[in-house]
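What follows is a single structure, written as structure tokens, with notes after it.
What follows draws every value from the coordinates through simple rules; no lab data is involved. Keep in mind that what you see is a predicted model, and the values were worked out from it rather than measured.
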Amino acid sequence: MAQWSRNNRACTTLWTTLYTMQQLTTNFEDSGALTMNDLTFFNALSGPDLRNQESKIIADQLDNVFRIGRGAKYEQGIDRSKAISNMIEILCDEEKQVNELAFTVDEAYLFWGE
């Protein structure tokens, strides 16, 4: 798994996007170790169906920001459906960390300057 690093465009883009979306309020260094249940969208009382729906909304927003706002392109073999599906899998799991979401993002998107 890739390291949570300021030198990784997926990490910095994910962090700034989640910060702007007010999903987290921690500094960059501390954010990689946050788990999904630390993000503001995550409701521990939600059932699996609602959690999946909430995760889909966040994944859709992330995808739009990455592509439209940041000019990212999908990696070879990845399309919108696959990218969003991969993020939803991480977002739904309360024990997954933000750095694991960044790794998934890095596998799906080619960011400017990479």
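What helices does the chain hold that run 27 Å or longer along their axis, going by alpha-carbon atoms, with a Kyte-Doolittle average of -0.5 or more, using DSSP H for the helix calls?
TM-like helix candidates: nothing returned.
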### Query
Which lysines does Lys96 reach when only Cα atoms under 17 Å apart count, and residues fewer than 8 places away in its own chain are ignored?
Lys56
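Could you give the Stokes-Einstein D for the chain in µm² per second, using the C-alpha Kirkwood radius, 37 °C, 0.692 mPa s? Walk me through the numbers before you get to the answer.
Values: Rh = 13.9 Å.
The diffusion coefficient I find is 236 µm²/s.
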